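Working notes for the structure below.
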Amino acid sequence: EPEVTQTPSHQVTQMGQEVILRCVPISNHLYFYWYRQILGQKVEFLVSFYNNEISEKSEIFDDQFSVERPDGSNFTLKIRSTKLEDSAMYFCASRLTGTGVGEQYFGPGTRLTVT
Amino acid sequence: KQEVTQIPAALSVPEGENLVLNCSFTDSAIYNLQWFRQDPGKGLTSLLLIQSSQREQTSGRLNASLDKSSGRSTLYIAASQPGDSATYLCASPTGNTGKLIFGQGTTLQVKP
């Protein structure tokens with residue numbers, strides 16, 4: 001069964017460093033998302049991506065964040081200068097377009113620890 | 001603006017008990033509602049998706065219901081087992097992009 005994959009599973013970085021989190025969505029899906037979950041808190045929407053551009057972003061998604069789909073398969077989230085409060089689990093999700101709004105499929109997540 | 005709420009935050013039951021988890025949403029014009037399971041420190045496993053046109057969806061011992069008029073969904077777990085211990089999240093897509101709005105989850109403990 002097709003699945004969303006994410007690498008790495010755990011990333012430790014120092015404050016101020018740049019990190020890139022990688023995702024490979026399901027191959028025929030067209031909508032892509034990043035969410036994050038700070039320990040003990042709700043899963044929060046960060047950004048959605050469709051047709052090679054950002055379709056919506058939350059207030060969390062400031063200038064320190066960027067997303068790219070550099071080729072036909074990868075979908076990346078970059079944090080330019082990490083802060084302690086960026087420590088969280090980051091989830092990538094994708095869905096197939098169509099009538100209505102279909103199921104979102106989530107990757108296993110990347111745990112980002114900023115020290 | 002869609003808001004999703006789950007009560008209670010935690011639930012402890014003895015093994016074998018049938019139980020119901022609750023999810024409330026403020027905007028009844030939803031497309032669908034997804035239920036997820038999350039084990040500690042792990043990712044989100046999709047359990048059930050119930051479309052706005054459906055009233056129920058079943059998978060094994062799980063049954064999800066949807067009542068749009070009252071803004072509620074329930075997840076029924078039959079004959080609970082210790083392996084069902086996890087956090088259960090509900091989420092509803094909103095807006096043109098279908099971003100998911102999540103509840104805070106109910107952490108279930110099933111005691112042997």
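The values are calculated or read from the model by the stated rules, or taken from the named source; none is laboratory data. On a predicted model such as this, the values are computed, not experimentally measured, just so you know. Glycine gets a Cβ as well: all are built from the backbone with ideal geometry, and neighbour counts include every protein chain shown. SASA here: full protein model, heavy atoms, side chains in, ligands and nucleic acids out. Shrake-Rupley method; radii C 1.70, N 1.55, O 1.52, S 1.80 Å.
In chain B, carbon and sulfur make up what percent of the accessible area (probe 1.4 Å)? All intermediate terms of the calculation are to be shown ahead of the outcome.
Numbers: 2430 of 5160 Å².
Whole-percent figure for carbon plus sulfur exposure: 47.
Pairwise over distinct Cα atoms, reciprocal of the mean inverse distance: report the Kirkwood radius of chain B in Å, one decimal place. Before the final figure, lay out each step's value.
Working: mean 1/r = 0.0714 Å⁻¹.
That comes to 14.0 Å for chain B.
P(r) for the range A:4-63, please, calculated from all Cα pair distances in 10 Å bins and given in %.
Here the calculated profile for the range A:4-63 is 17, 46, 33, 3.
Projected onto the charge dipole of the protein assembly as shown (+1 at Lys/Arg Cβ, -1 at Asp/Glu Cβ, origin at the Cα centre), which of A:65, A:104, A:32 gives the Cα projection farthest towards the positive end?
A:104
For the protein assembly as shown, with only Lys/Arg (+1) and Asp/Glu (-1) charged at the beta-carbon, what is the dipole magnitude about the Cα centre, in debye rounded to 20? Walk me through the intermediate numbers first.
Numbers: 19 positive and 22 negative charges, 29 e Å.
I would put it at about 140 debye.
Can you list the residues of the range A:33-51 that have at least 40 square angstrom less accessible area with all protein chains present than in their chain by itself, probe 1.4 Å?
Buried by 40 Å² or more upon assembly, which counts only protein chains, are A:42, A:43.
So how long is each side of the range B:54-112 along the principal axes, counting just the alpha-carbon atoms, biggest first, in Å?
44, 22, 19
What value does chain A have for Rg/Rh, both radii from Cα atoms and Rh as Kirkwood defines it?
On the way: Rg = 13.5 Å, Rh = 14.2 Å.
Reported Rg/Rh, Kirkwood definition of Rh: 0.95.
Distances longer than 12 Å among the Cα atoms of the range B:18-66: what percent of all pairs is that? List each step's numbers first, then the result.
Values: 795 of 1176 pairs.
Tail fraction, whole percent: 68.
Compute, for chain B, the length of the dipole vector about the Cα centre, with Cβ point charges of +1 (Lys, Arg) and -1 (Asp, Glu) only. Units Debye, rounded to 20.
For chain B, the charge dipole is close to 200 debye.
With a 1.4 Å probe and all protein chains left in place, how much accessible area per residue does chain A have, in Å²?
Working: 5860 Å² over 115 residues.
Value returned for chain A: 51 Å² of accessible area per residue.
Taking θ = phi - 60°, what integer Hz values does the Karplus form 6.51 cos²θ - 1.76 cosθ + 1.60 yield along the range A:50-67, in sequence order, with x for Gly and Pro?
Here the 3J(HN,Hα) series is 8, 6, 6, 8, 5, 9, 7, 9, 8, 5, 5, 7, 8, 5, 6, 9, 8, 10 Hz.
Tell me which trypsin sites (Lys or Arg not before Pro) from the range B:39-105 have a DSSP coil assignment and no more than 12 other beta carbons within 10 Å of their own.
Details: sites: B:42, B:55, B:61, B:68, B:72, B:99; in loops: B:42, B:55, B:61, B:68.
Those that pass, being in a loop and sparsely packed, are B:55.
If you take every residue apart from residue A:78 with its C-beta less than 13 Å away from the C-beta of residue A:78, what net charge results, scoring Lys and Arg +1 and Asp and Glu -1? Don't jump to the answer; show the numbers that get you there.
Numbers: positive: A:22, A:69, A:80; negative: A:18, A:62, A:63, A:68, A:86.
Result for the neighbourhood of residue A:78: -2.
From the phi of every residue in the range A:20-27, what ³J(HN,Hα) in whole Hz does the Karplus formula 6.51 cos²θ - 1.76 cosθ + 1.60 yield, where θ is phi - 60° and glycine or proline is x?
So the J values, rounded to whole Hz, are 10, 9, 10, 9, 10, x, 5, 4.
Output needed for the range A:55-115: three equivalent-ellipsoid semi-axes, defined as square roots of 5 times the C-alpha gyration tensor eigenvalues, in descending order, whole Å.
On the way: eigenvalues 116, 37, 31 Å².
The answer is 24, 14, 12 Å, longest axis first.
Over the protein assembly as shown, what portion of Cα pair distances is larger than 26 Å, expressed as a whole percent?
Working: 9457 of 25651 pairs.
Looking at the protein assembly as shown, the distances longer than 26 Å represent 37 percent of pairs.
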